[in-house]
Amino acid sequence: MICVSITEATHQEALQAIERCAPAADAIELRMDLIAGGDLPQLVAAARCASNRIKVIVTCRRKEESLIPGAGVPVAKKNEMTKIAKMKLLKQAVAWGVDFIDIELAAGEKAIAQLQSFCRKQKSLTRIIVSWHDTSKTPSLTKLKEIFWSCVKTGADLVKIVPYACRMSDNLKVLSLIAYAKAQNRDIIAMCMGEEGKISRVMASQWGSHLGFAVLPGVKQSAPGQLTVQIMKQIEQLMKGSFHIARPVPAISDALTFVLLGNPVRHSLSPLMHNTALAAMKVEGHYSAFCVSDAGAAMAGIRGMNIRGASVTIPLKTEVMEYLDEIDADALALGAVNTIVNDSGKLIGYNTDWLGLMQALKNKISLSGKTFVIIGAGGTARAAAYGIKKEGGQPIIVNRNQEKGKALAAQFDCPFYPLADIGKVQADALINATSVGMYPQIHRSPVDAVIPANYQVVVDVIYNPLKTKLLRDAEAKGCRIFSGLEMFVHQGAEQLKLWTGREAPLALMKKTVRERLEKFES
Ligand code: NAP
């Protein structure tokens with residue numbers, strides 16, 4: 001539905017505007033704060049006369065929520081009204097049987113409750129919109145959700161949330177909010193003001209916003225970035241006719257969708273492993289990989305398309321955190337999320353990399369009181385140090401880049417050695433947490449072939465190839481060796497547990513991935 005705001009400076013001009021927009025608009029909003037000397041009963045009567053299908057909204061916006069600081073937006077001069085006069089006017093609108101009255105959340109619960117009580121006493125069909133505007137910025141999605149719930153708590157029939165877009169990505173926050181509200185079965189009107197917010201005005205109704213706002217050609221905007229009613233109508237037709245935007249629709253089957261998000265993902269074995277597991281678990285669902293460069297858009301897609309779960313890989317593990325509703329304490333401490341659960345529109349982030357590595361290790365050796373050299377200072381090295389500390393072991397960081405290595409060691413209060421000095425280090429086990437030795441560089445190792453002799457156990461996080469040069473060297477020196485396959489399968493099994501609440505078929509997952517890798521290597 002498209003609503004035209006009537007923002008004319010005088011009563012006469014407002015009457016003319018109502019007549020002009022009646023054929024095109026689905027609703028009109030009488031901005032009584034802008035129409036000087038506006039006679040409400042006459043304006044409502046004019047709207048009813050012009051069209052019997054047009055909905056009428058009566059608004060008397062606070063100055064703080066309608067003027068854009070420094071933006072030079074040509075809104076009409078404010079028709080300042082006291083709080084008492086404003087309440088009187090809104091009650092008059094109810095008595096005249098308008099379809100909606102709009103009152104700001106900032107007016108307070110008491111004022112909103114007064115209007116609700118008045119509607120009840122009048123046995124009125126008028127619905128109350130509780131609105132919130134920010135004329136300077138778009139807050140975080142988490143904050144927008146808080147505001148949404150504050151509006152809902154007032155008993156609003158309809159919530160309206162309109163922040164100011166400073167950048168394109170602000171539109172995604174508002175579209176995500178619409179998807180979120182729809183997932184809670186709540187009606188919402190939401191879009192962004194401002195030039196950068198235009199795209200949200202186009203997309204909002206496709207995503208389920210109850211109304212979109214437009215202006216008549218050549219008429220003052222009531223908020224910056226508004227498009228003309230004709231353009232909005234054309235876009236609406238175009239959307240209906242030629243393509244559909246994903247929107248939160250109720251699931252038509254119980255099939256669950258899972259995705260891998262990262263870049264690159266083409267060679268990932270996660271789809272093979274997860275689809276095999278889902279079939280064995282008799283879970284109706286599918287797991288697919290998507291090459292993604294925009295984390296925000298991907299998160300909006302997960303909400304909008306009701307995707308149950310996602311794996312997140314390089315380079316998005318940190319970036320996605322900005323777009324989640326909740327982050328589990330371990331993932332927060334690690335500063336990385338590799339698993340997302342979509343709990344009815346609420347996105348929760350976890351990290352199963354560290355858990356996967358710990359489970360793989362714990363199955364083979366006891367960690368408590370043991371010392372572990374970790375080569376690397378990236379995300380996997382951090383996951384390893386975190387898990388080892390948690391299990392009562394002692395990590396020692398060894399890295400090529402000394403600054404990064406020292407920073408990681410300081411974070412976990414453990415020793416650091418430059419990679420060139422690894423020969424001087426004494427420990428029980430060695431873990432390679434770098435990508436050195438990964439396919440296609442299968443003849444490379446992060447350390448000289450003699451180094452593994454210093455350790456009883458040597459672990460590689462790499463699983464392609466199954467036996468890296470480091471592991472081959474270590475095996476030749478009589479060490480116990482563990483491939484990254486163990487970690488990969490365990491972190492995947494933990495993901496499935498989070499998404500489905502059930503134990504995953506670990507042995508089958510391991511066999512499937514191992515066979516594919518062996519086939520690849522032969
Ligand atoms: P990352 O954040 O990019 O960190 C990579 C680390 O490797 C850095 O510390 C880097 O050292 C070091 N490095 C890279 N090239 C090197 C070289 N030529 N010589 C010495 N050090 C080198 O990567 P990540 O996310 O931690 O991933 C590391 C590996 O873990 C990848 O191979 C990934 O596939 C694997 N992984 C496996 C699993 C599993 O389930 N098995 C799960 C997650 C990750 P500098 O600091 O000196 O640059």
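Read the figures in this text as sums done on the coordinates, not as results from a lab. Note that this is a predicted model, so its numbers are computed, not measured. Here the Cβ is made from the backbone with ideal geometry for all residues, glycine too, and neighbour counts use every protein chain on show.
Before rounding to the nearest 500, sum -39500 (n - 2.57) across all DSSP H runs of length at least 4 in the chain and divide by the residue total; then give [θ] at 222 nm in deg cm²/dmol.
-12000 deg cm²/dmol
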- Chain lengthening between A255 and E403 when straightened (0.36 nm per residue, less Cα-Cα): 48.5 nm
- Message: Quick check: from the Cα gyration tensor, does the chain come out rounded (a/c under 1.5), prolate or oblate?
- Response: prolate
- Item | For peptides 108-117, 53-62, sequence by mean Cβ density within 10 Å, most packed first | 53-62, 108-117
- Message: To test your reading of the geometry: what angle, between 0 and 90 degrees and rounded to tens, separates the Cα axis of helix 83-95 from the longest principal axis of the chain?
- Response: 80
- Message: Tell me the angle of helix 229-242 to the major Cα principal axis of the chain, expressed in degrees between 0 and 90 and rounded to the nearest ten.
- Response: 50
- Note on the structure: Neighbour-count ranking for H490, H274 (other C-beta within 10 angstrom, fewest to most) reads H490, H274
- Cα-Cα over 19 Å, subset of K467/K511; K282/K497; K145/K497: K145/K497
- Query: Alpha carbon centre of the stretch 76-154 versus the stretch 325-372: separation in Å?
  - Reply: 44
- Query: At a Förster radius of 60 Å, what calculated FRET efficiency corresponds to the Cβ-Cβ distance of D157 and M281, to the nearest 0.05?
  - Reply: 0.90
- Can you give the Kirkwood hydrodynamic radius of the stretch 97-191 from its Cα pairs, in Å with one decimal? 13.8
- Message: Spelling out what I want: for every residue of the stretch 461-474, take phi, set θ = phi - 60°, compute 6.51 cos²θ - 1.76 cosθ + 1.60 (Karplus), and round to whole Hz; glycine and proline get x.
- Response: 7, 6, 10, 10, x, 4, 10, 6, 4, 4, 5, 5, 4, 5
- Cα long-axis angle, helix 109-121 against the chain (0 to 90 degrees, to the nearest 10): 50
- Task: Name the long-range amide H neighbours of D33: under 5 Å, sequence gap of 5 or more, or other chain; modelled H, no Pro or chain starts.
- Result: R61
- Message: Based only on other Cβ atoms within 10 Å, what is the fewest-to-most ordering of T10, T500?
- Response: T10, T500
- Note on the structure: Applied in sequence order to the stretch 160-173, the curve 6.51 cos²θ - 1.76 cosθ + 1.60 (Karplus, θ = phi - 60°) yields integer Hz couplings, x standing for Gly and Pro, of 10, 10, 9, x, 9, 7, 8, 8, 4, 5, 4, 4, 5, 4
- Which ³J(HN,Hα) values, rounded to whole Hz and listed in residue order, are derived for the stretch 282-289 from phi using the Karplus coefficients 6.51, -1.76 and 1.60 in 6.51 cos²θ - 1.76 cosθ + 1.60 with θ = phi - 60°, glycine and proline given as x? 6, 9, 6, x, 9, 10, 10, 9
- Item | Approximate spin-label separation K83-D343, in nm, with each point projected 7 Å along Cα-to-Cβ | 3.8
- When only Cα pairs under 8 Å and 6 or more residues apart are kept, what is the percent relative contact order across the chain? 9
- Query: Are any of the pairs K362/K510; K121/K153; K469/K519; K173/K198; K55/K88; K91/K233 more than 23 Å apart by Cα-Cα distance, and if so, which?
  - Reply: K91/K233
- Query: In the chain, what % of DSSP beta bridges are antiparallel (nearest 5)?
  - Reply: 10
- Query: Between R444 and K110, what length in nm is gained on full extension when 0.36 nm per residue of separation is reduced by their alpha carbon distance?
  - Reply: 113.1 nm
- Task: For T318, enumerate residues with amide H under 5 Å from its amide H, sequence gap 5+ or separate chain, H modeled in the peptide plane.
- Result: V337
